[in-house]
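Quick notes on the structure that follows.
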Amino acid sequence: PSLRSNTSSRDATMDATKPPVCTAELIMLAHARLPPNQRPPCSDMHLVWLLIGKELGDQLSKRRGVRLEGLGDIILTVDGIRLVKGGNLRGARPAHPLNLAAIAKSASARGVGSSAASRNGVAQCARAVISELMRLANRRRQASLSLRPVGSVVSRKARSETEEGVDLIVEDEFQCRTALAWDKNLQSTGQPFGSRVRGFRQDDRARSRATVAPPVYRGRGKAVLREEMTSVKAASLIRKRAHDRHGPDGLSIIARCLKSCSGSVVDATILKNALEDAGVASTPEERNTLIENDSSVRTVEKSLAFPNALSTERRMIIDEAWAELQQRHFEREKARQKGARRDGSGIEPGVVSLAVLKQRIDGDWHPAVQSGRADEEAVVTRLLAFLDIDETSCAECTRQQFRASLARLSASYNDDDAFDKAVKGCWKLEAATKPYVAPPRKQRPPPVIKVAWPPSVPDEEEEISTTMPIGRWDDEEDAYEGLESRVTMGMLEELRMLTYEPVCDATEFRRRLGGPPDVLGLEDLARRLRRRASSCDLAVSARKAARLSVVAVEFSNGDTSMRCDDFHTALQVLFGRDRDTILQTRRPLANAPSSSLRRALEGVDQNALMEADQFIELFDKAHIGCQARHVRAAVNRACRAAGLPQPRGALGERDWASPAAMLELCRGGPLNARRTLLVSRAYDLLTKRLGEPLTASKLAALLPGAPISAKPAPPARQAFLEAVGGARARVSMDTFRAVFEDLASGVEGDFAFAKLLANCWDVAPWPAAADAVEEDASFPSFDADDDGQRGLPEDRYFSTTGSRQ
């Protein structure tokens, strides 16, 4: 009962409604309280504070106390390290002021170029941060300020009027080190401090009483099978904790702390310190999984972010926001500068004044403000601090600074629309104030008024069409490269859902797009797609509809307009007339009647087709002894059931089937005509992008380094390098095609194969390869010499009526 009353009284003293303030937030709040003309970039202030902690640790290790103005003296006593306010403890050496010059020199060495790397700047930084901590302590807010390696200063309730409301918590390891230093100092023969008397053993001082709590013994107990921690899982756990603690800008705070804590390489200790500064909990297992051999700040940021954090769509959102803010900046400057040119050419391009940003920024969209866990002022302070503007020398934000801060914010969003909404809400942009309202359903048209004489038919206006196609144009080669990114492939999937599902004929397709005319221009198609989406209760923004229409026109081989029938035919070719009837064809032999074949194939995973040795080994272990014709009959039967063209296996009729020949049969033979076109298109795009010669290492660098969520998943880099013959090998068209021949049998449908290429290399090979190609016959004629192993004749009456005869 007494324990419960203690905890409840402690919680009553601190403000429990607000979350505790971490080191990074403290520094941002202190930065905002400085006068505008004395504000260095916030990241420089953060780094200087970390260097102050390091200097404090160095001085205490040399048994010298340090005086921190506004906080008190941190000194080494017989009972360990203590924070003393006013006066000195008996037997302790006096405290010295902070060595500002040494800290300023260290800051310059770490690349700080602003006024923070001067003696005055360091003193100002220390004053501002400590006074902010005291202010929060007086307002009963929980706050923790890191003083690494010594420990941290935390706010608490003052027990009396004269006592400050802060406490020093020293880390165990540092306490041990300084206690050892104290005891070593006792062995020196000189006189003790402040004493002219020597005891019997030449020294009347006590040994250090600084004790450290013994480590908690945790027995093994029952063996628990823990799920293996992967880097993706660790990143999602840390990302969720950062979001719960700070909101969407939690990863931005972690990135700021990482940049300040590390030089160039990030190890597990630096990551631990950075996450502590950001107030985000983590376990050693998670940190070790995230850190690779030589991780940089950038790689850790990328592994923590969502996979699509810097997609083309997100960059467009950020650039649109920048363009609108720049327009506001132009209008303000034209009004401010008398005699400014009308076109704004006298105004410096590429920057937006800080005054415009402060006028536009808003914190109401932030989840922490909406839930009442943080006040708007603190959130706005944080968002402005992420821009890292040195206000001592300039009052403008460059495009690079703006993009960097929003790119880090983008890392917390998995959904493009949510990020778009957040950016527009944060900067109060136009699209946020005018939400899209679906147009009302059209009423039935009034009946035609018949007159005695027919009116003259007006001439139809010819649609003005330019010959300039949409997509990527290479100015150097003067050649059209087409749309190329995996975003395009995703958009084709959305177009199918919007217009082609459920599968329909050309007439119904035309009706879904809104009826005549048959030829639709870009803007008209965008409007129709948006109307179609609203009738299906889907939300499609105007910008997204415009991009969908561009993809549709490119896809149906148009320039700036397209024919509905062409679009329908292309979708038919791409997605098949009845996708539901296509069976799973990942491993044709898995459906074979031979039980030994089926048993041998059960253990092979999806990517094993690239490793022929493992495959062959499985056949050998199963002791399959059958002739080639038996194998061919089994494969033919499986392909016939799946509606696939039959693989052409180069096996003699009476040969014994070797494992290698079985592997070839199971791969399904060479690529069909359409897939060959897709692979050659992707190879051409990659050659144009990477230049000659095309080496394996260049291609492997383009493959995603971490597993991505998009399916079908690309092969791992190591597997690809082994398949093409090592990192230095030159990759010819034939080698490139052979790799995808191995992967093709695991992919069902030509569109899924095109998505595989998009996921591997970030290209969109489909539109150029969507030309009609001659299909193989679905059911080719069978061998006359086939020995009839096609299964027993089926009793149709028995099989249709079940067990009742």
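The values are calculated or read from the model by the stated rules, or taken from the named source; none is laboratory data. Note that the structure is predicted; figures quoted are calculated from it, not measured. Reconstructed Cβ throughout: ideal geometry from the backbone, glycine too, with neighbour counts over all protein chains shown. Note: accessible area is taken over every heavy atom of the protein model, side chains too, but ligands, DNA and RNA are not part of it. Shrake-Rupley method; radii C 1.70, N 1.55, O 1.52, S 1.80 Å.
Data overview
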{"quantity": "Net charge, Ala117 excluded, C-beta distance under 12 Å - Lys, Arg +1, Asp, Glu -1", "calculated": "+1"}
{"quantity": "Rounded to the nearest 10 Å², the accessible area of Met497 at probe 1.4 Å", "calculated": "110"}
{"quantity": "Estimated inter-spin distance, Asp364 and Gln572, nm [label 7 Å along Cα→Cβ]", "calculated": "5.3"}
{"quantity": "Euclidean distance of C-alpha centroids, region 376-420 and region 41-57, integer Å", "calculated": "22"}
{"quantity": "Per DSSP, loop trypsin sites (Lys or Arg not before Pro) in region 724-762 with at most 15 further Cβ within 10 Å", "calculated": "Arg728"}
{"quantity": "Region 248-311 and region 99-159: distance between their alpha carbon centers, rounded to Å", "calculated": "22"}
{"quantity": "Accessible-area ranking of Glu173, Glu313, Glu430, largest first, probe 1.4 Å", "calculated": "Glu173, Glu430, Glu313"}
{"quantity": "Heavy-atom SASA rank of Glu276, Glu396, Glu722 (probe 1.4 Å, accessible area, largest first)", "calculated": "Glu722, Glu276, Glu396"}
{"quantity": "Unit charges on C-beta of K, R, D, E only; dipole of region 672-745, Debye", "calculated": "220"}
{"quantity": "Residue-normalised accessible area of region 274-392, given per residue in Å² at a 1.4 Å probe", "calculated": "50"}
{"quantity": "Contact order normalised by residue count of region 231-309, Cα under 8 Å, 6+ apart, percent", "calculated": "40"}
{"quantity": "For Glu396, residues with placed amide H under 5 Å, excluding near neighbours", "calculated": "Leu354"}
